[in-house]
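Heads up: the structure comes next, in structure tokens.
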Amino acid sequence: TKQLCHYPEFDETFRFAPPPQDVEVTNHVYASHDVYYVNASSLAENPDGLTPETAFTTIQDAVDVASSEYSRRSYISVAPGVYDKGGVIDYGISNRVAVNRKTVRIVSTHGAERTFIVGAPDPATGGYGPNAVRCVSWYHSGRVGGLQGFTLTGGHSTRAVDTNIEGDKSNYGGAWYSVSGYACISDCIVSNN
């Protein structure tokens with residue numbers, strides 16, 4: 001009754017969770033319905049993200065056009081580069097990338113050593129504050145997906161970690177904040193957040 005197969009890895013192998021004893025498992029392949037391309041160096045005049053030549057320059061642009069339909073899967077292919085532009089407010093804080101109720105997988109084509117999602121401190125404080133930028137926020141609402149092969153660096157939260165205001169999530173995770181048991185990060189480097 002659960003999804004037991006995780007997404008394919010860089011080497012094109014699949015990871016499977018072993019089924020409980022005496023449970024028969026039938027395998028089904030679910031390919032992505034939509035593929036979008038992102039390249040921080042893209043010079044496309046009218047980027048639509050549908051080809052490498054018309055790639056978006058920010059990851060958030062690709063997330064924004066990905067389908068919100070529960071059963072529709074999107075794959076976002078991200079070229080090497082520094083992703084320190086764009087973003088969206090989610091959970092009371094600016095995020096370089098915010099995925100909200102979408103079945104999406106975001107994968108760098110050349111791994112964490114060459115692909116960076118960079119947050120930012122609040123310019124007024126040099127750290128946390130109302131204008132800080134978290135690297136990634138992920139609210140999946142029971143959908144599968146995740147982030148693979150990035151360095152998450154420089155992310156900050158709005159409030160100090162020891163500040164706890166009921167219902168306020170803006171002091172959580174400068175690098176990654178997730179409200180989902182199904183979204184995951186893999187093959188990532190988390191540093192200086």
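The table for this structure:
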| item | result |
| --- | --- |
| Residues of the stretch 106-150 classified as in a strand (DSSP E or B) and open to solvent by 10 Å² or more (accessible area, probe 1.4 Å), total | 6 |
| Matching residues, the stretch 52-91, being over 17 Å from A120 (Cβ atoms) and part of a helix (DSSP H, G or I) | P52, E53, T54, D61, A62, V63, D64, V65 |
| Residues within the stretch 151-182 that are assigned to a loop (DSSP other than H, G, I, E, B) and either surrounded by 18 or more Cβ atoms within 10 Å (Cβ to Cβ) or modelled with pLDDT of 70 or more (or both), tallied | 13 |
| Some residue of the stretch 28-49 being assigned to a loop (DSSP other than H, G, I, E, B), over 19 Å from Q148 (Cα atoms) and of a type in the set (F, W, Y) | no |
| Members of the stretch 99-145 found to be at positive phi and in contact (Cβ under 8 Å) with a residue 40 or more places away in the chain, listed by number | R101, G111, S141, G142, G145 |
| Residue match in the stretch 95-105 (condition: part of a loop (DSSP other than H, G, I, E, B) and of a type in the set (S, T, N, Q)) | no |
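The values are calculated or read from the model by the stated rules, or taken from the named source; none is laboratory data. What you are looking at is a predicted structure, and each value in this text was computed from that prediction instead of being measured. All Cβ positions, even for glycine, are placed from backbone atoms using ideal geometry, and neighbour counts span all protein chains on display. With ligands, DNA and RNA removed, areas are computed over all heavy atoms of the protein, side chains included. Shrake-Rupley method; radii C 1.70, N 1.55, O 1.52, S 1.80 Å.
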